[in-house]
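Shown next, in structure tokens, is the structure this report addresses.
The values are calculated or read from the model by the stated rules, or taken from the named source; none is laboratory data. As the structure is a prediction and not an experimental result, all values here were calculated from the model. Here the Cβ positions follow ideal geometry from the backbone for every residue, glycine too, while neighbour counts run over all protein chains shown.
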Amino acid sequence: GIISTLILSASAYSAEMTVGFSQIGSESGWRAAETSVAKSEAQKRGITLKIADAQQKQENQIKAIRSFIAQGVDAIFIAPVVQTGWDPVLQEAKEAEIPVFLLDRNITVKDDALFMTGVAADSVHEGAVAAQWLIKQQDGKACNVVELQGTVGASVALDRKKGFLDTVAAVPTIKIIRTQSGDFTRSKGKEVMESFIKAENNGKNICAVYAHNDDMAIGAIQAIKEAGLKPGTDIKIISIDGVPDIFKAMMAGEANASVELTPNMAGPAFDALLAYKKDGTQPPKLIKTESILFEPESAQAQLELKKDMGY
Ligand code: GYE
């Protein structure tokens with residue numbers, strides 16, 4: 001019937017499509033999950049996905065994008081490591097008439113027509129959700145917060161910082177006493193936390209850690225334990241991503257809350273691409289994913305759910 005014919009032609013069509021994905025690297029558990037979900041979402045739709053790992057460097061991303069243009073791919077997906085510096089290469093993609101989709105981070109370009117859409121969370125909101133949790137927890141009690149920022153110049157680091165800062169600004173008893181980048185990695189998160197602990201009376205001046213991702217929070221938890229303090233109680237831990245290891249830390253009483261981010265950024269981008277190729281449907285400029293805060297009560301259930309998600 002009509003339906004089976006449609007399905008047949010849709011899959012026959014996507015089977016001919018090739019998408020080049022310029023991925024940042026594998027700095028975090030969330031990032032690795034995003035890559036593996038992208039592969040399975042492509043496979044589900046019969047799309048050929050070529051992934052280039054940029055090892056955290058924008059110059060490598062620009063090279064990969066140029067190579068995808070030269071290969072004549074049908075679309076380019078980019079997880080942009082930093083927010084600025086994309087205009088020239090995106091102009092080249094536009095001239096080659098290859099649509100560009102952004103995954104999980106934003107960019108600032110002179111002309112928004114240089115990309116078709118982006119799939120991402122509202123990162124300012126994520127920071128605000130984390131701050132609201134802490135404000136509620138403290139219930140008027142003073143709190144010195146140390147912040148572990150994401151990669152310098154990344155939209156998600158700038159926005160998660162802004163959302164948190166703007167929200168705690170209304171509560172003078174909550175202060176950010178130290179802030180530094182931990183580059184979204186576990187090892188850097190641990191290293192920076194060690195220096196914070198040393199500088200703040202062996203950690204006794206610190207009430208909470210706000211980490212821009214779970215991996216840095218896990219590094220910080222390690223540093224806190226090595227300093228002889230109890231993460232989760234002596235120092236509260238709030239972060240973003242909702243990776244399995246943070247739920248395990250919650251179950252061990254060592255982490256307090258995480259704002260979840262789906263690793264399935266590619267699925268909605270593939271759907272937008274297929275609709276565009278089929279009949280020219282223009283997607284909205286932002287396809288926004290949800291930001292839900294999880295606490296230890298739901299850690300076990302979340303952990304189970306993640307098992308089916310490519311983690
Ligand atoms: O939160 C972090 C990762 O850009 C949303 O990058 C992404 C962030 C994610 O390395 O773990």
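Which members of the range 191-243 meet the condition of being in a helix (DSSP H, G or I), of a type in the set (Phe, Trp, Tyr) and within 16 Å of the ligand (Cβ to nearest atom)? Steps first, answer last, please.
Initial filter on the range 191-243 (in a helix (DSSP H, G or I)): 191-199, 201-203, 214-226.
Narrowing further to those that are of a type in the set (Phe, Trp, Tyr): 196.
Answer for the range 191-243, where residues must be in a helix (DSSP H, G or I), of a type in the set (Phe, Trp, Tyr) and within 16 Å of the ligand (Cβ to nearest atom): there is none.
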Checked Lys236, Lys288, Lys248, Lys306 against criteria (surrounded by fewer than 16 Cβ atoms within 10 Å (Cβ to Cβ) and touching a residue at least 60 places away in the same chain (Cβ under 8 Å)); the one match is Lys288
Inside the range 122-177, can you point out the residues that are out of contact with any Phe, Trp or Tyr (no Cβ under 8 Å at 6 or more places or on another chain), closer than 25 Å to Ala199 by Cβ and acidic (Asp, Glu)?
none
Of (1) of a type outside the set (D, E, K, R); (2) more than 16 Å from the ligand (Cβ to nearest atom); (3) within 14 Å of the chain's Cα centre (by Cα), Val89 fails just (3)
For the range 265-290, which positions are assigned to a loop (DSSP other than H, G, I, E, B) and either on the phi > 0 side of the Ramachandran plot or not β-branched (Val, Ile, Thr) (or both)?
Met265, Gly280, Gln282, Pro283, Pro284, Lys285, Glu290
Which numbered condition Ile69 misses (of (1) free of Cβ contacts under 8 Å to residues at least 40 places away in the same chain; (2) within 13 Å of the ligand (Cβ to nearest atom); (3) not charged (D, E, K, R)):
(2)
Within the range 4-16, identify whether any single residue is more than 16 Å from the ligand (Cβ to nearest atom), at pLDDT 95 or above and not in a strand (DSSP E or B), and answer yes or no.
no
Could you please give the count of residues in the range 115-167 that are away from the ligand (no atom under 16 Å from the Cβ), crowded, with 23+ Cβ neighbours inside 10 Å and within 20 Å of the chain's Cα centre (by Cα)?
1
When the range 65-90 is examined, which residues are found to be surrounded by 14 or more Cβ atoms within 10 Å (Cβ to Cβ) and polar (S, T, N, Q)?
Ser67, Gln83
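Filter the range 39-57 down to the residues that are within 16 Å of the ligand (Cβ to nearest atom) and of a type in the set (D, E, K, R) and list them by number.
Step one: filter the range 39-57 for residues within 16 Å of the ligand (Cβ to nearest atom), giving 51, 53-57.
Scanning the range 39-57 gives Asp53, Lys57.
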Unique residue being under 24 Å from Val124 (Cα atoms) and crowded, with 21+ Cβ neighbours inside 10 Å when the list is Val171, Val192
Val192
Flagged pairs (Cβ under 8 angstrom, 6 or more apart or on separate chains; first in the range 210-223, more than 22 Å from Ile135 (Cβ to Cβ) and at pLDDT 95 or above; second among the aromatic types (Phe, Trp, Tyr) and near the ligand (Cβ under 10 Å from one of its atoms)) are Asp215/Trp30; Asp215/Phe184
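May I ask you to say which residue of Ser36, Ser26, Ser22 is closer than 23 Å to His212 by Cβ, in a strand (DSSP E or B), within 16 Å of the ligand (Cβ to nearest atom) and modelled with pLDDT of 95 or more?
Values: Ser36 fails: in a strand (DSSP E or B); Ser26 fails: in a strand (DSSP E or B).
Ser22 is the lone residue from the list that is closer than 23 Å to His212 by Cβ, in a strand (DSSP E or B), within 16 Å of the ligand (Cβ to nearest atom) and modelled with pLDDT of 95 or more.
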